[in-house]
Every structure is written in C-alpha cells, then in structure tokens.
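Engineer: Okay, handing you the structure first.
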Amino acid sequence: MKKTFFLLLSLFPVLLLAQSETIVLQWDQSATPLHFPKALYADGENSLPYFSIRRAWTGKDRLPLVHITEFKSEALEEEKLPGAQLGKLEEQPLLEYELAREAGKDYLMIKVLPFIRTREGEVRRLSSFSLKTDSEVQLAPMKRDINGEWKSQSVLAEGQWYRIAVSESGIHQISWEELKELGISNPASVSLFGAGASQLPEKFSEGYCDDLEAVPLYFSKGSDGVFGPGDQLLFYAQGPVKWDYDESLGILRQNLHPYSWKGYYFISESRGQGPSPETCSLSTEEATHTV
C-alpha cells in the first residue's frame, strides 16, 4: 500500500474522520477501452482505468488510514482487457492514497484500481465498493506551520509572460533589442520573477517557496539616462548548480540538480518595472586577501 506526501494545487470537499462511503461504478458496456465516468488512465488509453476521489482532510496532526471494507464484482469479456497492468491484480483491489498540502490546508487523494483476479485466475471488475477512512497517530511530527504569507494565486496567473532559461549562476544581461524582439512594447517597464534554479527540498515541510519572487533589475541606460537601443538589462540569476559549505570537512561541496540542466525565469511588462538592486556601502576596512 502506498503512502506518499506531495504538493497538490486543488480544492476539494471536506472529508470527516472515521467516514465510510459507497462508490458505485457506472461502466460503459460498449466502450473500448474499459471506461466509466471520470475514469483515470495512468498509463494512457491502453491501461486499466483507475477510480480517483479527492477530499479535504481535517485530521490535524494525524495521518489518514483508508480501507476497502467490501466490494462487489462482475465478469467481463477478456478481449477488452489490455495486457498492461494485469500483473498487478490480486484478490483484493489495488488501493493507493496520498496526503497533500496546499496553502496551509491538507487534502487526501484516493486511487483504486477497480479490478481483481480470483484464485481461479479470472479477472473481474468492481461494480461497487465501500471506502472507510480513519486516522492514525502521526509517527513523526511534521513541520506544518511555515512562517510567511500564502498567495491567493500565482503571479503568472495574469498577463503575458516570456520564459528565460539560464544554465549557470551569475549576472545575466538582455539587450533592449532582444526585449523588443520578444514583443515587449516598452522594455523600460518590465519585471522579472523566479525562485532560483537549485533543487527544491524533497520534503515539502522544509523551506518556504509559495510563489515566484520579483528579481532585482538594473537598467544600464548609457549616457543619455534613457533605456533604449544599445542598452542592457542586467540581473542576477541562480543556475542549477549549488555550492554548500561542509562544516565538518571545511570544504565547499558542489550539488548538481538531478532533474534539470537549466533554471527558468519569467519576464513580463504587465506588472510594471521590477525592483532595483539594493545599494551597499563600500567597506572602509583594510583588505585581508588579494584574489
């Protein structure tokens, strides 16, 4: 049985603790592949359909515990069975459930493969089944309350955006001409958003990254003081390679992003000009190292 935890951006009805509900599947008798309303095909149309249901979870500080308490099955024509996934079938239906979190709220997603294989080897499909949802004491505390404000929607939800890819950390530049080629009518009034390109924590309870943040922009305007042809837009962007200091060994370790060789930032003129970099005072202390 699968128990995983991940981020899921959806809103669902509230699921009360210790609740039972009966699901009746309305199979389309003539459909090929096998089908019922809102069927989920995890591996494409050549796979067996899953039943899925999603509910808001109210069991604070507890983990969900889901069971199929009873079910009814019916025979089906073997020629309608795809070869894929038949090896998964057992005498009990395959049940998977996942606990998700979004904007400080928890949700439960349940997925059932509504087929069984009898001891005699016959494959049958479920016509109905009952789900019982309960809770169990959480085995380890989760970091549930992360400081910060949750956004009601992403900055990308409105306006026209252009995606920019970077392959390494450093100061990057975009010319006035390149901004015009993108279709931006007023390059002097753009903003850039991103969240860095290093790998996010595998545990969603670590760190806080609700949405993309505005990236400071420096408009190199030349001697005329107007951002126009021949000028550059400069910004710092983090690439997919991250360096962390190992205190125990006293060395820097290079951490490569295992899933992407590039990081992505998003630029738009629909949100006005982005923030400028902070101005730092020069140090008056004597230099200790020459690089």
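Engineer: Just to be sure I understand, how many residues within the range 273-291 are in contact (Cβ under 8 Å) with a residue 40 or more places away in the chain, closer than 19 Å to S169 by Cβ and either hydroxyl-bearing (S, T, Y) or surrounded by fewer than 10 Cβ atoms within 10 Å (Cβ to Cβ) (or both)?
Structural biologist: Number satisfying all stated conditions: 1.
Engineer: List the pairs whose first member sits in the range 159-184 and is within 15 Å of G228 (Cβ to Cβ) and in the same structural domain as A237 (by TED's automatic domain parsing), whose second member is at pLDDT below 90 and part of a strand (DSSP E or B), and whose Cβ atoms are under 6 Å apart, counting only residues at least 6 apart or on separate chains?
Structural biologist: Close Cβ pairs (under 6 Å, with a partner that is at pLDDT below 90 and part of a strand (DSSP E or B)) do not exist here.
Engineer: For the range 256-272, state whether one or more residues are at pLDDT below 85, in a strand (DSSP E or B) and either surrounded by 10 or more Cβ atoms within 10 Å (Cβ to Cβ) or in contact with a His (Cβ under 8 Å, 6 or more places away or on another chain) (or both).
Structural biologist: yes
Engineer: Please work out which one of (1) modelled with pLDDT of 85 or more; (2) farther than 30 Å from L81 by Cα; (3) in a loop (DSSP other than H, G, I, E, B); (4) not acidic (D, E) is the condition K180 fails and give its number.
Structural biologist: (3)
Engineer: I've got another one for you. Pick out, from the range 1-102, the strands (runs of 3 or more DSSP E) lying fully within it that include 3 or more residues that are more than 23 Å from the chain's Cα centre (by Cα) and modelled with pLDDT of 75 or more.
Structural biologist: 19-24, 62-75
Engineer: Taking the range 209-243, which residues are of a type in the set (G, A, S) and crowded, with 18+ Cβ neighbours inside 10 Å?
Structural biologist: Result: A237, G239.
Conditions tested, residue by residue: (1) of a type outside the set (A, V, I, L, M); (2) surrounded by 12 or more Cβ atoms within 10 Å (Cβ to Cβ).
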{"residue": "A56", "(1), (2)": "no, yes"}
{"residue": "D61", "(1), (2)": "yes, no"}
{"residue": "S73", "(1), (2)": "yes, yes"}
{"residue": "L86", "(1), (2)": "no, yes"}
{"residue": "A100", "(1), (2)": "no, yes"}
{"residue": "G104", "(1), (2)": "yes, no"}
{"residue": "G121", "(1), (2)": "yes, no"}
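Engineer: I'd like to check something: does the range 192-207 contain any residue that is in a loop (DSSP other than H, G, I, E, B), among the aliphatic types (A, V, I, L, M), at pLDDT below 90 and more than 21 Å from S169 (Cβ to Cβ)?
Structural biologist: No: zero hits.
Engineer: Would you please name the residue that is nearest to the chain's Cα centre (by Cα), looking only at residues in the range 224-255 that are part of a loop (DSSP other than H, G, I, E, B) and among the small types (G, A, S)?
Structural biologist: Only one residue fits best here, namely G239.
The values are calculated or read from the model by the stated rules, or taken from the named source; none is laboratory data. Owing to the predicted nature of the structure, the values given are computational and were not obtained by experimental measurement. Because the Cβ atoms are built from the backbone with ideal geometry, glycine has one as well, and the counts that use them run over all protein chains shown.
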